[in-house]
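The values are calculated or read from the model by the stated rules, or taken from the named source; none is laboratory data. Every value quoted in this text rests on a predicted model; they were computed, and no experiment measured them. With ideal geometry, Cβ positions are generated from the backbone for all residues, glycine too; neighbour counts draw on all protein chains shown.
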Protein chains: 2
Amino acid sequence: MQEVKIGILGFGTVGAGVVEGFQKNGELITQRTGIRPVLAKIADLDIESDRGVVIDPGILTTDALSVIDDPEIDVIVELIGGTTLAKDFVQRALKNGKQVITANKALLAEYGEEIYRYAQDQGVGIYYEAAVGGGIPVLRSQRAGLIGNQIESIYGILNGTCNYILTRMELERLPFDEILSDAQRLGYAETPPDLDIDGIDTAHKAVILASMAYGAPVPMEACKTSGIRGLSNQEIVNAEDLNYRIKLLAIIKDHDGEIELSVEPTLVPKDHMIASVSDAFNAVFVRGDIVDDTMYYGRGAGSLPTGSAVIGDIMEAASDRFNHAGAPVSVNMMLQKDALTYSPSHKIVKRYYLRISLFDKPGSLGKVMEIMGNHHISIASVVQNERFKGGYAPVIILTHKVKDSNFIAALKDIKALDVSGAEPVALRIEDFE
Amino acid sequence: MQEVKIGILGFGTVGAGVVEGFQKNGELITQRTGIRPVLAKIADLDIESDRGVVIDPGILTTDALSVIDDPEIDVIVELIGGTTLAKDFVQRALKNGKQVITANKALLAEYGEEIYRYAQDQGVGIYYEAAVGGGIPVLRSQRAGLIGNQIESIYGILNGTCNYILTRMELERLPFDEILSDAQRLGYAETPPDLDIDGIDTAHKAVILASMAYGAPVPMEACKTSGIRGLSNQEIVNAEDLNYRIKLLAIIKDHDGEIELSVEPTLVPKDHMIASVSDAFNAVFVRGDIVDDTMYYGRGAGSLPTGSAVIGDIMEAASDRFNHAGAPVSVNMMLQKDALTYSPSHKIVKRYYLRISLFDKPGSLGKVMEIMGNHHISIASVVQNERFKGGYAPVIILTHKVKDSNFIAALKDIKALDVSGAEPVALRIEDFE
């Protein structure tokens, strides 16, 4: 019986999930794969706290290097997080000829190129399914099942915290701040919540997905990112009335070799699959030129779901090791080209939802419409159906598909007009056409 | 550059899709994987008809054996269908040490055990992603990403024809026969349609999924199968009123080591992800003990989508070949045990929808209720809200969870009563708890 000796760095939530998964199903995994997983060592600064799993204290150490440098260990699992120590440890493990599994999206989003190249040079694998979509095998699907496809577009709900907040805002009609506080209390959101609610975490995952789809490192700056902070209930309600639902979407599209990449709160049609993704669940909708539409759904975070992805990677790494495979497709696919070309704003075409609180003065709406016309923005609908107190009225404008640069210019002009009582709110609409 | 030489048996719809996929994206696939796919030979009895792809006529042959026995060819793709010639060809290819890719669910459902054992004995791989869920990488997800999971349950919409018919029945409120004829005219349903609408095709896929989930060959007889033939519009409308939708579901559940396996039209809650799967799309909902709920969605049939899955398998086979891997997990996972144990009917617990056309006679409903009570069937709701002409009235009864054997016995007793004007209709309700 072949064995794979595993060293884990970081015994937090995910580390405990990996240990629990192997304890529950180690025998089954061995039967299925013919390879026995052996937890050799676990390093953490804290080796005293109870993680809810019973393990031999003899495998615990506070010395990460004693794990990374142990010649008996085949596979190093990096679950420390962050981009400083984790990076050093990953590179040292690769240098030692060990395969590396990581769930660290920030590390890969910010230093992926350096790490992939290093792994490729060392002829050794790095596996990171758990970094995107938690337990959902979405990267593996892209690099294996969909290997024959040019990826036309990817739409991802990649942050469970945001999706949880949006779902509750829709169901309970409570303000963002209130739901956020409650989510923090319940452990669904971190304190501070910035990485999640400002879309950074989603952007980390989006650049990894884009790298794999298009074969080159993608810098974080390439991803136009906005989050859901301060999203008003009015948008949730208006979207619903229009038969849409608001989701924080990572959007990746190939426009004849130019890549569009953004993270933004987006109105999606209620009857689209992705609109059904509620609570803390994640989903990735991938359109390939051969396979057409596919979607992958599951838990994007959490001890056991993320542990499930890590275990899948460990067993793949073990199999690659025994087959003497070098750097796997998960590394090589990221490095087909040096860089991608990105779509400039005047080539990106979107539909927009725009809410303006118009002063109740004759001609206000006319002025807005005139600006829209000047910027060649074609209007799909205008609704002004109730009057608020205070002398202004909300107007909801939905555009047809317009050039992003034109819309941005129009929005600037509208803001400069003295017709509205508050900052206009503009959100993308995505019809998945 | 490594090359993989491919021989295709059967140049029908899927064969043409594979060729088109390689023609479109062969270069990209080579870049991504480092392996160049080379279409060496294609065998078909008809090598004259236009398949919509331009190929070198020199690679076409009517002699399948000249492909299977060609020492230059690495991988044989069986796309003939059926269980006679295809079986001989697959075994001969394995005997020749060639890896085999097949999309043939009937072959694997009926002769899988023999074929997997033969492949295992020969130390060579067989890959069959395209046999279940067309372009959706669902088997690969189970045997790789989810390898660390005990599978608790699987719910699959696995037949595009049935899902297309059900979707149109719901949207258009037209009778089954009319939609079926139209589907046949449009090419969404075969003539005769039996394999699809009687659930056999779904059962073929269900037994393959169950085999992989639980590690043993599963005979077709183990799958209790009923289709959607003759499903009445009344059920579609009633389900909708009750906030359900009817789907033909493959249902696989593990009850402490005893496996429940069925294919049946099932009421699913409208707000569940799987209820959003419309038209000819497929989806497989997999619940693992570690990963929790996951879902995989896409096109379950068609030239290019199925071709996409075949191409994924070809490239995996090629990679295994160059790594000198023997029979892969896709073979070994099916053969961990000799056989499974199946849940007897008195251990299966379900909810039921029951429609009875009661004669308008005093005491009719009372007699039905008495029978239910005698068989320990607890009722969730009874609705009798309109009267038809002809002296009978439809009554809709929803049960709580009841033992299947009890319900079957009760249904038999109800049919024996002289209270109803037509055969009662009983459908499963699945709440995914």
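Only residues that are in contact (Cβ under 8 Å) with a residue 40 or more places away in the chain, away from chain B (no Cβ under 14 Å) and either among the charged types (D, E, K, R) or outside any loop (DSSP other than H, G, I, E, B) (or both): list them for region A:225-246, please. Give the derivation first.
Looking only at region A:225-246, we keep the residues that are in contact (Cβ under 8 Å) with a residue 40 or more places away in the chain, and these are A:227-240, A:242, A:244-246.
Filter once more, so that each one left must be away from chain B (no Cβ under 14 Å): A:227-240, A:242, A:244, A:246.
Those that are in contact (Cβ under 8 Å) with a residue 40 or more places away in the chain, away from chain B (no Cβ under 14 Å) and either among the charged types (D, E, K, R) or outside any loop (DSSP other than H, G, I, E, B) (or both): A:ARG229, A:ASN233, A:GLN234, A:GLU235, A:ILE236, A:VAL237, A:ASN238, A:ALA239, A:GLU240, A:TYR244, A:ILE246.
For region A:197-209, check the following and say yes or no: at least one residue is more than 29 Å from A:GLY288 (Cα to Cα), more than 14 Å from chain B (Cβ to nearest Cβ) and of a type in the set (A, V, I, L, M, F, W, C).
Checking region A:197-209: at least one residue is more than 29 Å from A:GLY288 (Cα to Cα), more than 14 Å from chain B (Cβ to nearest Cβ) and of a type in the set (A, V, I, L, M, F, W, C).
Take the residues in region B:1-42 that are over 12 Å from B:ILE314 (Cα atoms) and among the basic types (Lys, Arg), then tell me which one is nearest to the other protein chains (Cβ to nearest Cβ).
B:ARG32
Where the second residue is hydroxyl-bearing (Ser, Thr, Tyr) and the first is in a helix (DSSP H, G or I) and lies in region A:66-93, which pairs have Cβ atoms under 7 Å and are six or more apart or on separate chains?
These pairs meet every condition: A:VAL67/A:THR61; A:LYS87/A:TYR111; A:VAL90/A:THR102; A:GLN91/A:TYR118.
Within region A:145-156, is even one residue in a loop (DSSP other than H, G, I, E, B), within 12 Å of another protein chain (Cβ to nearest Cβ), surrounded by fewer than 24 Cβ atoms within 10 Å (Cβ to Cβ) and touching a residue at least 40 places away in the same chain (Cβ under 8 Å)? So that I can check it myself, show each step before the final result.
Restricting attention to region A:145-156, the residues satisfying the condition of being in a loop (DSSP other than H, G, I, E, B) are A:146-150.
Within this subset, residues satisfying the condition of being within 12 Å of another protein chain (Cβ to nearest Cβ) are A:146-150.
When the remaining residues are screened for being surrounded by fewer than 24 Cβ atoms within 10 Å (Cβ to Cβ), the result is A:150.
Applying the additional criterion that residues be touching a residue at least 40 places away in the same chain (Cβ under 8 Å) yields A:150.
Yes, region A:145-156 has at least one match.
Report, by residue number, each residue of region A:97-141 that is assigned to a loop (DSSP other than H, G, I, E, B) and of a type in the set (S, T, N, Q).
Here is the first cut: in region A:97-141, the residues assigned to a loop (DSSP other than H, G, I, E, B) are A:97-98, A:103-104, A:123-125, A:128, A:132-137.
Within region A:97-141, just A:ASN104 meets the criteria.
Residues to consider are A:TYR164, A:TYR188; find the one that is outside any helix (DSSP H, G or I), over 17 Å from A:GLU316 (Cβ atoms) and either of a type in the set (S, T, N, Q) or not assigned by TED's automatic domain parsing to the domain that holds A:ASN323 (or both). Break it down stepwise before answering.
Numbers: A:TYR164 fails: outside any helix (DSSP H, G or I).
That would be A:TYR188, the only listed residue that is outside any helix (DSSP H, G or I), over 17 Å from A:GLU316 (Cβ atoms) and either of a type in the set (S, T, N, Q) or not assigned by TED's automatic domain parsing to the domain that holds A:ASN323 (or both).
Whether any residue in region B:402-409 is in a loop (DSSP other than H, G, I, E, B), at negative phi and not β-branched (Val, Ile, Thr) is what I want to check. Outline the logic, then answer.
Let us first name the residues in region B:402-409 that are in a loop (DSSP other than H, G, I, E, B), namely none.
Checking region B:402-409: not a single residue is in a loop (DSSP other than H, G, I, E, B), at negative phi and not β-branched (Val, Ile, Thr).
Take region A:260-277 and flag every residue that is surrounded by 19 or more Cβ atoms within 10 Å (Cβ to Cβ) and in contact with a helix residue (DSSP H, G or I) (Cβ under 7 Å, 6 or more places away or on another chain).
Once the filter is applied, which keeps residues that are surrounded by 19 or more Cβ atoms within 10 Å (Cβ to Cβ) and in contact with a helix residue (DSSP H, G or I) (Cβ under 7 Å, 6 or more places away or on another chain), region A:260-277 yields A:LEU261, A:VAL263, A:LEU267, A:VAL268, A:MET273, A:SER276, A:VAL277.
Out of region A:157-185, which residues are within 13 Å of another protein chain (Cβ to nearest Cβ) and of a type in the set (Asp, Glu)?
Just the residues of region A:157-185 that are within 13 Å of another protein chain (Cβ to nearest Cβ), to begin with: A:157, A:160, A:167, A:170-171.
Within region A:157-185, just A:GLU170 meets the criteria.
Failed condition for B:GLN142, given (1) in contact (Cβ under 8 Å) with a residue 12 or more places away in the chain; (2) in contact with a Ser or Thr (Cβ under 9 Å, 6 or more places away or on another chain); (3) within 14 Å of another protein chain (Cβ to nearest Cβ); (4) of a type outside the set (Asp, Glu), with all others met?
So B:GLN142 meets the others, but not (2).
For region B:227-259, name all the residues that are among the small types (Gly, Ala, Ser) and surrounded by fewer than 17 Cβ atoms within 10 Å (Cβ to Cβ).
Scanning region B:227-259 gives B:GLY230, B:SER232, B:GLY257.
Look at B:MET295 and say whether it is under 30 Å from B:VAL19 (Cα atoms), in a strand (DSSP E or B), within 14 Å of chain A (Cβ to nearest Cβ) and in contact with a strand residue (DSSP E or B) (Cβ under 8 Å, 6 or more places away or on another chain). It would help to see each step written out before you state the result.
Working: under 30 Å from B:VAL19 (Cα atoms): yes; in a strand (DSSP E or B): yes; within 14 Å of chain A (Cβ to nearest Cβ): yes; in contact with a strand residue (DSSP E or B) (Cβ under 8 Å, 6 or more places away or on another chain): yes.
When the stated conditions are applied, B:MET295 passes them.
Any chance you could count how many residues in region A:1-47 are assigned to a strand (DSSP E or B) and hydroxyl-bearing (Ser, Thr, Tyr)?
Taking region A:1-47 as the starting set, the residues that turn out to be assigned to a strand (DSSP E or B) are A:2-9, A:35-43.
Filter once more, so that each one left must be hydroxyl-bearing (Ser, Thr, Tyr): none.
Looking only at that region, the number is 0.
What residue, of B:LEU94, B:LEU79, B:LEU60, is touching a Ser or Thr at 6+ places or on another chain (Cβ under 8 Å) and more than 14 Å from chain A (Cβ to nearest Cβ)? Full working, then the answer.
Numbers: B:LEU94 fails: touching a Ser or Thr at 6+ places or on another chain (Cβ under 8 Å); B:LEU60 fails: touching a Ser or Thr at 6+ places or on another chain (Cβ under 8 Å).
Only one candidate qualifies: B:LEU79.
Residue-wise test of (1) touching a residue at least 40 places away in the same chain (Cβ under 8 Å); (2) surrounded by fewer than 16 Cβ atoms within 10 Å (Cβ to Cβ); (3) more than 18 Å from A:THR266 (Cα to Cα); (4) not aromatic (Phe, Trp, Tyr).
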| position | (1), (2), (3), (4) |
| --- | --- |
| A:ASN332 | yes, no, yes, yes |
| A:ALA339 | yes, yes, yes, yes |
| A:LEU358 | yes, no, yes, yes |
| A:SER378 | no, yes, yes, yes |
| A:ALA393 | no, no, yes, yes |
| A:HIS400 | yes, yes, no, yes |
| A:ASN406 | yes, no, yes, yes |
| A:LYS412 | no, yes, yes, yes |
| A:GLY421 | yes, yes, yes, yes |
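Identify, from the list A:VAL268, A:VAL207, A:VAL218, the residue that is in a helix (DSSP H, G or I) and farther than 16 Å from A:GLY160 by Cα. Don't jump to the end; show me each part of the working.
Working: A:VAL268 fails: in a helix (DSSP H, G or I); A:VAL218 fails: in a helix (DSSP H, G or I).
Selected residue: A:VAL207, the only one of A:VAL268, A:VAL207, A:VAL218 that is in a helix (DSSP H, G or I) and farther than 16 Å from A:GLY160 by Cα.
May I ask you to verify whether B:ASN282 is without any contact (Cβ under 8 Å) to a residue 24 or more places away in the chain and out of contact with any Phe, Trp or Tyr (no Cβ under 6 Å at 6 or more places or on another chain)? Give the derivation first.
Details: without any contact (Cβ under 8 Å) to a residue 24 or more places away in the chain: no; out of contact with any Phe, Trp or Tyr (no Cβ under 6 Å at 6 or more places or on another chain): yes.
In short, no.
If you go through region A:197-206 one residue at a time, do you hit one that is over 16 Å from the mean Cα position of the chain (by Cα) and farther than 29 Å from A:LYS347 by Cβ?
First, pick out the residues of region A:197-206 that are over 16 Å from the mean Cα position of the chain (by Cα): none.
Within region A:197-206, none of the residues are over 16 Å from the mean Cα position of the chain (by Cα) and farther than 29 Å from A:LYS347 by Cβ.
If we scan region B:178-193, do we find a residue that is at pLDDT below 95, under 21 Å from B:ALA239 (Cβ atoms) and of a type outside the set (Phe, Trp, Tyr)?
Taking every residue of region B:178-193 in turn, at least one turns out to be at pLDDT below 95, under 21 Å from B:ALA239 (Cβ atoms) and of a type outside the set (Phe, Trp, Tyr).
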